[in-house]
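Down below is the structure, laid out as structure tokens.
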Amino acid sequence: MNLTRKFKFEHGITKVDSTAVQRNETLKDGTPVRIRQIQPNDKQLILLGMAHMSSQSRRNRFFSAISTLPDQILRDLTELDHDTRDAWIAVTGSMRFPHPVGVARYIRNRREPHIAEIALAVVDEFQGKGMGTLFADILREAARHRGISDFHAIVLADNKKILAMAQKYGATAQFRSSGQFEIRVAVKRSCDLH
């Protein structure tokens, strides 16, 4: 007997046992993915995803081609309150043998709690298939429900994919020293952006 209770949350998101939110989607190439809130037991899955990212993808996300995540960063990404810090993981494959597709997270600014820093990372083989857009939509939905009105991110100036995505969402980009842009974008309803 399965004791897991499921019920609708919003926009096709299913909440499982009132703690983990899950959403089933299909990438542009037809790959089915499950996107859900990250849980503390996802550490190994996240490390597996890192192992499948190229050094350039790791550099774009972490500003260094690190080969693995330090323990503190891994804890920060998986031990969340789902309010001031929330993160999502996308996987494909079976429930028993999931294959990581990517992660997205936000961290609320302590001094300005209506602003949150966001970050996305997608495994190379799934880049260009709409995963970043799905993550952006999910982060916006979560942020709106928690009173967050603006996102910001620091990105490398040569990260053309994320700069193009930010432009699609009406972000402003300000060049900073050391080859980085600070991106700011208002959190809007999904229908406002398509």
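Pro70 versus (1) without any contact (Cβ under 8 Å) to a residue 60 or more places away in the chain; (2) closer than 23 Å to Asn159 by Cβ; (3) open to solvent by less than 60 Å² (accessible area, probe 1.4 Å): which is the lone unmet condition? Going through the list (1) without any contact (Cβ under 8 Å) to a residue 60 or more places away in the chain; (2) closer than 23 Å to Asn159 by Cβ; (3) open to solvent by less than 60 Å² (accessible area, probe 1.4 Å), Pro70 breaks only (3).
Check region 73-88 and report whether any residue there is part of a strand (DSSP E or B), hydrophobic (A, V, I, L, M, F, W, C), in contact with a Leu (Cβ under 6 Å, 6 or more places away or on another chain) and surrounded by 14 or more Cβ atoms within 10 Å (Cβ to Cβ).
Of region 73-88, the ones part of a strand (DSSP E or B) are 85-88.
Subset that is hydrophobic (A, V, I, L, M, F, W, C): 87-88.
Imposing the further condition that a residue be in contact with a Leu (Cβ under 6 Å, 6 or more places away or on another chain) reduces the set to 87.
Add one more test, that the residue is surrounded by 14 or more Cβ atoms within 10 Å (Cβ to Cβ), and what stays is 87.
Checked region 73-88: at least one residue is part of a strand (DSSP E or B), hydrophobic (A, V, I, L, M, F, W, C), in contact with a Leu (Cβ under 6 Å, 6 or more places away or on another chain) and surrounded by 14 or more Cβ atoms within 10 Å (Cβ to Cβ).
Within region 115-165, the residues that satisfy the criterion of being under 17 Å from Glu182 (Cα atoms), touching a Gly at 6+ places or on another chain (Cβ under 9 Å) and open to solvent by 20 Å² or more (accessible area, probe 1.4 Å) are Leu120, Ala157, Asp158, Lys161, Ile162, Met165.
Within region 58-72, track down each residue that is in a helix (DSSP H, G or I) and in contact with a strand residue (DSSP E or B) (Cβ under 9 Å, 6 or more places away or on another chain). Full working, then the answer.
Narrowing region 58-72 to residues in a helix (DSSP H, G or I): 58-62, 71-72.
Scanning region 58-72 gives Arg58, Arg59, Asn60, Arg61, Phe62.
Output yes when any residue across region 127-146 is farther than 19 Å from Asp29 by Cβ and part of a loop (DSSP other than H, G, I, E, B), and no when none is. Give the derivation first.
Taking region 127-146 as the starting set, the residues that turn out to be farther than 19 Å from Asp29 by Cβ are 138-146.
Narrowing further to those that are part of a loop (DSSP other than H, G, I, E, B): 146.
Yes, that holds for at least one residue.
Which of the residues spanning region 37-57 are surrounded by 19 or more Cβ atoms within 10 Å (Cβ to Cβ) and either touching a helix residue (DSSP H, G or I) at 6+ places or on another chain (Cβ under 9 Å) or assigned to a loop (DSSP other than H, G, I, E, B) (or both)? I'd like the intermediate steps shown before the answer.
Kept after step one, since they are surrounded by 19 or more Cβ atoms within 10 Å (Cβ to Cβ), are these residues of region 37-57: 37-38, 42, 46, 49-50, 53, 57.
Selection gives Gln37, Ile38, Asp42, Ile46, Met50, Met53, Ser57.
For the subset of region 94-126 comprising residues that are of a type in the set (D, E, K, R) and assigned to a loop (DSSP other than H, G, I, E, B), which member is modelled with the lowest pLDDT? Spell out how you get there, then give the answer.
We begin by selecting, within region 94-126, every residue of a type in the set (D, E, K, R); these are 96, 105, 108, 110-112, 117, 124-125.
If we keep only those that are assigned to a loop (DSSP other than H, G, I, E, B) as well, we get 96, 110-112.
On the way: Arg96: 87, Arg110: 94, Arg111: 95, Glu112: 95.
Here the answer is Arg96.
Residue by residue, here is whether (1) of a type in the set (A, V, I, L, M, F, W, C); (2) over 16 Å from Ala104 (Cα atoms) holds:
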| position | (1), (2) |
| --- | --- |
| Thr26 | no, yes |
| Pro32 | no, yes |
| Leu48 | yes, no |
| Met53 | yes, no |
| Asn60 | no, no |
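Looking only at region 180-194, count every residue that is in a loop (DSSP other than H, G, I, E, B), modelled with pLDDT of 90 or more and more than 15 Å from the chain's Cα centre (by Cα) and tell me the total.
Residues meeting the conditions: 0.
The values are calculated or read from the model by the stated rules, or taken from the named source; none is laboratory data. Nothing here was measured: the structure is a model prediction, and the numbers come from that model. Every residue, glycine among them, receives a Cβ derived from its backbone with ideal geometry; neighbour counts consider all protein chains shown. Areas reflect the complete protein model, heavy atoms only, side chains present, ligands, DNA and RNA absent. Shrake-Rupley method; radii C 1.70, N 1.55, O 1.52, S 1.80 Å.
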